[in-house]
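Okay, structure first, notes after.
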Protein chains: 2
Amino acid sequence: MLRTHTCGEIRIEHVNTQVILCGWVQRIRDKGGLIWIDLRDRYGLTQLLLEEGQTDPAIIETARSLGREFVVKATGEVIERKSKNPNLPTGDIEVRLQGLEVLNPAKLPPFLIEDETDGGDDLRMKYRYLDLRRNPVRRNLELRHKMAQQTRIYMDGQDFIEVETPVLIKSTPEGARDFVVPSRMNPGEFYALPQSPQTFKQLLMVSGFDRYYQIVKCFRDEDLRADRQPEFTQIDCEMSFITQEDILQMFEGLVRHLFKTVKGIDLAEVPRMTYADAMRLYGSDKPDTRFGMEFVELKGAFDTVDLTSGKNFVVFDSAELVIGINAKGCAEYTRKQIDELTEYVKRPQIGAKGLIYVRYNTDGTVKSSVDKFYSEDDLKQWVVQFQAEPGDLLLIMAGDAAKARKQLNELRLEMGTRLGLRDPNQFSALWVLDFPLLEWGEDENRWFAMHHPFTSPKPEDIPLLETNPGHVRANAYDMVINGTEVGGGSIRIFQRELQSKMFDFLGFTPEEAKAQFGFLLDAFEYGAPPHGGIAFGFDRLCSIFGGADSIRDFIAFPKNNSGRDVMIDSPATISPAQLDELQIAVAKK
Amino acid sequence: MLRTHTCGEIRIEHVNTQVILCGWVQRIRDKGGLIWIDLRDRYGLTQLLLEEGQTDPAIIETARSLGREFVVKATGEVIERKSKNPNLPTGDIEVRLQGLEVLNPAKLPPFLIEDETDGGDDLRMKYRYLDLRRNPVRRNLELRHKMAQQTRIYMDGQDFIEVETPVLIKSTPEGARDFVVPSRMNPGEFYALPQSPQTFKQLLMVSGFDRYYQIVKCFRDEDLRADRQPEFTQIDCEMSFITQEDILQMFEGLVRHLFKTVKGIDLAEVPRMTYADAMRLYGSDKPDTRFGMEFVELKGAFDTVDLTSGKNFVVFDSAELVIGINAKGCAEYTRKQIDELTEYVKRPQIGAKGLIYVRYNTDGTVKSSVDKFYSEDDLKQWVVQFQAEPGDLLLIMAGDAAKARKQLNELRLEMGTRLGLRDPNQFSALWVLDFPLLEWGEDENRWFAMHHPFTSPKPEDIPLLETNPGHVRANAYDMVINGTEVGGGSIRIFQRELQSKMFDFLGFTPEEAKAQFGFLLDAFEYGAPPHGGIAFGFDRLCSIFGGADSIRDFIAFPKNNSGRDVMIDSPATISPAQLDELQIAVAKK
């Protein structure tokens, strides 16, 4: 090694030791007689000292020629600092320089390499290799490393085998869009990059691997929303001879292990909620359960209550659902604050027509925006329905049931944020169970698998496939943390006949099913065990553990919303010779 | 779990326990009054017992309906076996059946699911999920898992951070052919799949990550030789502030750790050899050092010896090099055996013109195929040069120096095999150092980087770049085990100027260098540390640890020599709609 120590490890007990350090110049303070250099590496920061009259003048000259981010090798003796820095692990010592070598000079970086930088997003992405020098970014990737380590420790300890599945596979039209790779050796044919190793992990179960996992890159050619990446990483898992309960316990165990070992947090037992309850109480299949604020119905879809009709308020009378939340202690909200909330739900992304409020004042009186239609007695009934207390504010929406729930979900989250109930360093996990097996595609006018076509229906619901497909529940489950889906899976179909029936139901002709999934259907005939699994979005899981909103901060070299890597400037054109060899042509519209 | 125990864990102390097992029917022996079923899972094999008169007749009927590979759930009581099987961990016990449920029937597999199968390669690949049920194949993947585990344990313990680098990157014409991925969002542009994360790991060093590793999929669109795969896995590593010596020690440590923990072998300290010596002594940059049989020159290129000229033997007189090996104790080889060796070296793949032999008989006489030209005294000189003993056989080749060495390398390996000196369970590792920086491309009429364009020349050899480029040595090193290159790396260029010079030397215009590697050249201007690294071929390393020749046996779902996955039938055509969306067209010649 060019160094004897890192910049993070020298302590008071090293005083009088000769050391050699290598690193980057973080900053220089030149007080004339004394010069200090902060030298930085991945492990920490060590202060170097030069003294006019003491230090070799040639070294002082070199020191004065240094700029930020120069790479240097510094030799010297560890001495005790006169003025110690208790905020720095190396703050008790400094190194009196006896040698200083510039290993590589540096141009002035385009933004500050500090915890708080002056660089904008685009600039930091173009110079990602400089952005990665910043402590918060490096710490995110260190967290990610630790998450992967601890995931493997847990899975290995539970007898799971990590098996690498192929990246060059076959395109299947079901699901999201595939990235494809032209095959030069098989002209006119293409590989696809996997959206998940789903069929391979199921085949591994047919192979008797019993317990499989993999931390694996997956790919989706989607129009990228704010926080999606075309390539992303999954913790992908599958088990044989299990029931849903076994999966829930095994992977609740994983998440608790990660919280314990990575964050030092004892996560409470993970509660469970059906999809139906999640939709009813939160209007979302991934409710943020760090706070309550459950939905209350005034005119019900699920409940039979109706506390609104017959008062000539046409908005409520014509609504399928009148539903609200109780914003505890917000009765004092000003007109302006309530207007803000109304504007919030009327934004096109949410699309509500309006927002009704009821103030339950601390003096016991009730005041609402619909006083014209509802008497104080009417409103008091609402207050009871909401189990509200004086000082509370009821926020009520109405309309088509599904839409109103979705809109109220947004309002609930917004209120949670405003009331400080969504601390990123508090963690609330939840299992959501019993998802519907199917969802109706309005545009395509057919049923789609909500999870994927390999998910098994609940046995008792199979007869409903013929009569009421939308009510068939799946043996499918999601893990939600802080309102974000971090993982999901299902018990799989393992019988050829049922799998064929499912393909049939999803509109595959027998020929299509055979062409795309024939190998899996065949495999099911040669002794397939009951099996099921789960996949966690690893980037997302890391971002939640890191208390951050964006997964991009937890990916070393992310792509932007157009799928571009602006640092390496990719994608890019390729040469005519390459196209020719691949026997493809660009056919721009 | 559907089971209480696996099929591998029940022992004599479980006698009288009620157990539930799940697994595959390995075989059934029906002796009329007694029926035995061997039930198999990943963990082992347990014998189930049914007794006419004792066992419920319905269960016996179910048992008689079973076929090979049926998946069943078996309930019963553990009893001590009358006739124990000491070769089976569960051989002391059997399970007296009280319940038997068929979870899934199975068609007769197309080949035997046994250690020795009757299935040919093609059939086994088409039904890979059945092949993976076989113990040897499963054990290979278990070995691979353990290799990955132990690699991570070692690297984590040395403060390396695992960082995931992107899979969708940019095509670069240098090196092997890239797989490319059309970008739908950027029509006419393509991503490329990485042949290695080379530039990204170097950027991570510029970012100050100090120690990086990754077990990572890489891709090369090459015409596949027998044992290449289009996608393969590397253990990819990079370190900062190091010399070559640090890398050699760190990764010798990794390999020794793997041998110790995975194989229980204390690997000897890994010897080092220069590329020049390896070529001189073995005619190969990856010599198999499980055995000696070093080359001896009779008419030298490296040495100044000439023990052959002036005797009118035109083959030797016109040869640049006369060189041979001493096949110890082979003087008794029959004429037929020697003819076989001659035929071996004359095969087109090797292409030698012929083979000269000298027998040093046990009675001290010398007999050769060139007695017409060389006297017994002449031949005795050769014997001395070879340090041969009575009973040895000298095998000698001649011709163009490079070709003769290459041919003799093949002969040496063949002799090693014939003499049983290449036991796959013996391991001999070697560092080969000081590779040439450049090699001449005859067809392209220019120099190419032997390793890659980022490899640093030895500082003392840099002046030779102008005068004698072929003699410039690189700070590059390979690890060779049993004659196979398992890893290679180099100390990198970290100065912008030298890197530009190297691109220039390799025929890049400044514009091309900027377009392809501008981000790296830029990065070198912002404070790049001295760094270097190595990458191990993980598939290959696993195959060597497994004592096998083919990497395919250590990959769960490999592709064949045409790059096809015959199980899923990929690559395949994609729909016109997909092509249209990607704005590309197939342009078959």
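The values are calculated or read from the model by the stated rules, or taken from the named source; none is laboratory data. All values derive from a computational prediction rather than experimental measurement. Every residue, glycine as well, gets a Cβ built from its backbone with ideal geometry; the counts of neighbours run over all protein chains shown. Note: accessible area is taken over every heavy atom of the protein model, side chains too, but ligands, DNA and RNA are not part of it. Shrake-Rupley method; radii C 1.70, N 1.55, O 1.52, S 1.80 Å.
Points worth noting:
- Gyration tensor (alpha-carbon) shape descriptor, the range B:446-588, a/c threshold 1.5: oblate
- Note on exposure: A:223, A:539 ranked by accessible area (1.4 Å probe, complete protein assembly) read A:223, A:539, with the most exposed listed first.
- For the range A:363-399, trypsin sites (Lys or Arg not before Pro) are listed when DSSP marks them as loop and at most 12 other Cβ atoms sit within 10 Å of their Cβ; the list is A:372.
- DSSP-defined antiparallel bridges as percent of all bridges, the range A:12-104, nearest 5: 95
- Cα-based helix-to-principal-axis angle, A:376-385 vs chain A, degrees rounded to 10: 70
- The 3J(HN,Hα) values that the Karplus relation (6.51, -1.76, 1.60; θ = phi - 60°) gives for the range B:67-83 are, in residue order, x, 3, 6, 4, 9, 10, 10, 10, 10, x, 10, 6, 10, 6, 6, 5, 10 Hz. Gly and Pro appear as x.
- Phi-based couplings in Hz for the range B:58-63 (Karplus 6.51, -1.76, 1.60; Gly and Pro marked x): 5, 5, 4, 5, 4, 4
- Cβ-Cβ distance of residue B:153 and residue B:485, R₀ of 35 Å, FRET efficiency by 1/(1 + (r/R0)^6): the value works out to about 0.90.
- Solvent-accessible area of residue A:55 with every protein chain in place, 1.4 Å probe, in Å² to the nearest 10: 10
- Partner lysines for residue B:299 [C-alpha distance under 19 Å; skip if fewer than 8 residues away on the same chain]: B:311, B:353, B:372, B:380, B:403, B:406
- Over all directions, the projected convex hull of the C-alpha atoms in the range A:472-539 averages 6.1 nm² in area.
- Relative contact order of the range B:291-418, pairs being alpha-carbon contacts under 8 Å that are 6 or more residues apart, as %: 33
- 7 Å along Cα→Cβ, label-point gaps from residue A:1 to other copies, nm, shortest first: 4.4
- Anisotropy class of chain B from Cα gyration tensor, a/c 1.5 cut: oblate
- FRET efficiency estimate (nearest 0.05) - Cβ-Cβ, residue A:107 to residue B:504, R0 22 angstrom: 0.55
- The distance separating the Cα centre of the range B:422-461 from that of the range B:328-355 comes to 30 Å.
- Nearest-first distances (nm) between copies at residue B:440, label 7 Å from Cα via Cβ: 7.7
- Averaged over the residues of B:20-33, the number of partner chain Cβ atoms lying within 10 Å of the residue Cβ comes to 1.
- Point-to-point label distance, residue B:61-residue B:277, nm (Cα→Cβ direction, 7 Å offset): 7.8
- For the range A:12-104: relative contact order, % (alpha-carbon pairs under 8 angstrom, 6 or more apart): 33
- The convex hull around the C-alpha trace of the range B:291-418, projected and averaged over every direction, spans 7.2 square nanometres.
- Angle of helix B:401-418 to the longest C-alpha principal axis of chain B, folded into 0 to 90 degrees and rounded to 10: 30°.
- Accessible-area order (highest first, 1.4 angstrom probe) of the listed residues B:233, A:573: A:573, B:233
- Ranking B:392, A:443 by solvent-accessible area of protein heavy atoms (1.4 Å probe, all protein chains present), from largest to smallest, gives A:443, B:392.
- A crude spin-label estimate for the pair residue B:87 and residue B:54, with each label 7 Å from Cα along the Cβ direction, gives 2.5 nm.
- Per residue, chain B reaches -8000 deg cm²/dmol at 222 nm when only DSSP H runs of four or more residues are counted, each adding -39500 (n - 2.57).
- Two-decimal log10 I(q)/I(0) for the protein assembly as shown, as the Debye equation yields it once each C-alpha is a single scatterer, q = 0.04, 0.05, 0.07, 0.09 Å⁻¹: -0.29, -0.45, -0.85, -1.27
- Contour excess over end-to-end distance, with Cα ends at residue B:29 and residue B:468 and 0.36 nm allotted per residue: 150.5 nm
- Pairs from the list B:73/B:559; B:146/B:559; A:217/A:559; A:170/A:559 with a Cα-Cα gap above 26 Å: B:73/B:559.
- Both radii are taken from the alpha-carbon atoms of the range B:50-117; with Rh as the Kirkwood radius, Rg/Rh is 1.01.
- Ligands, DNA and RNA excluded, the heavy atoms of residue A:512 present near 80 Å² of accessible surface to a 1.4 Å solvent probe.
- For the range A:133-183, the calculated P(r) over all alpha carbon pairs, in 10 Å bins from 0 to the bin holding the longest distance, is 19, 24, 26, 30, 1 percent.
- Summary of the geometry: the range A:202-228 and the range B:551-589, compared by the centres of their Cα atoms, lie 19 Å apart.
- Residues of the range A:389-414 with an amide N closer than 13 Å to a point placed 7 Å from the Cα of residue A:349 along the Cα-to-Cβ direction: A:410-411, A:413-414.
- Rolling a 1.4 Å probe across all protein chains gives residue B:1 an accessible area of roughly 70 Å².
- Dimensionless Rg ratio for the range A:12-104, taking C-alpha atoms and the 2.2 N^0.38 Å reference: 0.97
- The angle separating the long axis of helix A:135-157 from the principal Cα axis of greatest extent in chain A is about 60 degrees.
- Per-copy distances of the residue A:315 label point, shortest first, in nm (7 angstrom along Cα→Cβ): 10.4
- 11 Å beta-carbon shell around residue A:538, net charge (K/R +1, D/E -1): 0
- Chain A: relative contact order in percent, alpha carbon pairs under 8 Å with at least 6 residues between: 13
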